[in-house]
Amino acid sequence: MNLIMFGPPGAGKGTQADLLQKKYGYAKLSTGDMLRAAVAAGTEVGLKAKAVMASGGLVSDDIMIALIRDRIAQPDCRGGFILDGFPRTLTQAEELDNMLAEEEIRLDRVIQLKVDDAKLVERITGRFSCKKCGAGYHDSFKPTRAAGVCDECGAGDFVRREDDKAETVTSRLDAYNRQTAPLLPYYASRGVLVAVDGMAEIDEVTRQIDRVVGEVEKFAKNG
């Protein structure tokens, strides 16, 4: 089964893709991982990407599509793959569809993790961790038992990731809503878009996705 995980930063796409990979054996395809692997391997596409990045440019859609084409031809993708982080624009979505059609590969579902922007900002910006042992906490959902003291190691020094700051999260959400959210009608028109509640607990989101996978597999067998 071939899937795209779709949702804004912090919605849990990577977590759910990891769980799908572990349970069903689908290959998880992250654009960042694919780029790094191709550059390290010195493939033709990897060398092109390396040259662009070395000059400070952005890797073109053509290179990204070629990268994905090479990746899905590898043996571990025969049982299915999950795209995480691509496409991000309508042009990329159309080029991806064209490439998959050329390779005679079907895109089974685009799974949208629906979120409430305000609640998502709260969920992300409230995260912090112990600088000494790395234990994770949250201002609202998982505070330390004693104020300013790590439950695990007793240290009193905590850190927040730069990516978790309110300004950064809001900016990334704005970019997603402006550039990437318009892909939803495109995939809906193709009959492959399914939405799940991305604000639910991780286990519940997983159950919803499992139902989607089960329905597609059942339809494929009956079809």
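Can you say what percent of the DSSP beta bridges in segment 1-150, counting only those with both residues inside, are antiparallel? Round to 5.
30 percent
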ask   = In segment 128-223, with Lys and Arg counted as +1 and Asp and Glu as -1 at Cβ, which of these residues, 149, 159, 202, has the Cα nearest the positive end of the dipole, that is, farthest along it?
value = 202
note = Of the listed links 23/50; 13/48; 28/114, those spanning more than 25 angstrom between alpha carbons are 23/50; 13/48
query = Can you list the HN-Hα couplings for segment 179-187, worked out from phi with the Karplus curve (6.51, -1.76, 1.60; θ = phi - 60°), rounded to whole Hz and with x for Gly and Pro?
reply = 9, 9, 4, x, 6, 4, x, 4, 6
ask   = Which of the cysteines found in the chain have nothing to pair with, since no other Cys Cβ lies under 4.7 Å from theirs?
value = 77
note = If unit charges are put on Cβ atoms (+1 for Lys and Arg, -1 for Asp and Glu) and the dipole of the chain is taken about its Cα centre, the option from 128, 16, 74 lying farthest towards the positive end turns out to be 128
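For the chain, give the magnitude of the charge dipole about the Cα centre (Cβ charges: +1 Lys/Arg, -1 Asp/Glu; no others), in debye to the nearest 20.
Details: 31 positive and 34 negative charges, 77 e Å.
My answer is approximately 380 debye.
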task = Specify which labelled value, from (1) 49; (2) 52; (3) 55, agrees with percent of Cα pairs over 23 Å apart derived from the coordinates of the model shown.
result = (3)
task = Would you list, by chain and number, the aspartates and glutamates whose Cα falls below 14 Å from the Cα of residue 218, excluding same-chain residues fewer than 8 positions away?
result = 108, 210
ask   = How much length is gained if the chain between residue 40 and residue 22 is pulled fully straight, taking 0.36 nm per residue apart and subtracting their Cα-Cα distance, in nm to one decimal?
value = 4.0 nm
ask   = Relative to a virtual label point 7 Å from the Cα of residue 133 in the Cα→beta-carbon direction, which members of segment 156-175 show backbone nitrogen distances below 13 Å?
value = 156-157
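Between the DSSP loop rule and a limit of at most 15 other Cβ atoms within 10 Å, which GluC sites (Glu not before Pro) in segment 119-167 are left?
Values: sites: 122, 152, 162, 167; in loops: 152.
When the GluC sites (Glu not before Pro) of segment 119-167 are filtered for loop state and at most 15 Cβ neighbours within 10 Å, 152 remain.
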task = Could you tell me which of rounded, prolate or oblate describes segment 162-215, using a ≥ b ≥ c as the square roots of the eigenvalues of the alpha-carbon gyration tensor, with rounded for a/c under 1.5 and, failing that, prolate when a/b is larger than b/c and oblate otherwise?
result = oblate
ask   = For segment 102-223, with equal point scatterers placed on the C-alpha atoms only and solvent neglected, what are the log10 I(q)/I(0) values from the Debye formula at q = 0.12, 0.20 1/Å, to two decimals?
value = -0.66, -1.14
ask   = Measuring from the lowest to the highest alpha carbon on each principal axis, how far does segment 1-72 reach, largest first, in angstroms?
value = 37, 24, 18
remark   = Summing -39500 (n - 2.57) over every DSSP H run of at least 4 in the chain, dividing by its residue total and rounding to the nearest 500, the 222 nm mean residue ellipticity is -14500 deg cm²/dmol
ask   = From the Cα gyration tensor of segment 42-137, with a ≥ b ≥ c the square roots of its eigenvalues, which class applies: rounded if a/c is under 1.5, or else prolate if a/b is larger than b/c, or else oblate?
value = prolate
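No value in this document is a laboratory result; all are computed from the given coordinates. In this text the structure is predicted, and so the values were computed from the model without any measurement. So basically every Cβ, Gly included, is an ideal-geometry build from the backbone, and we count neighbours across all protein chains shown.
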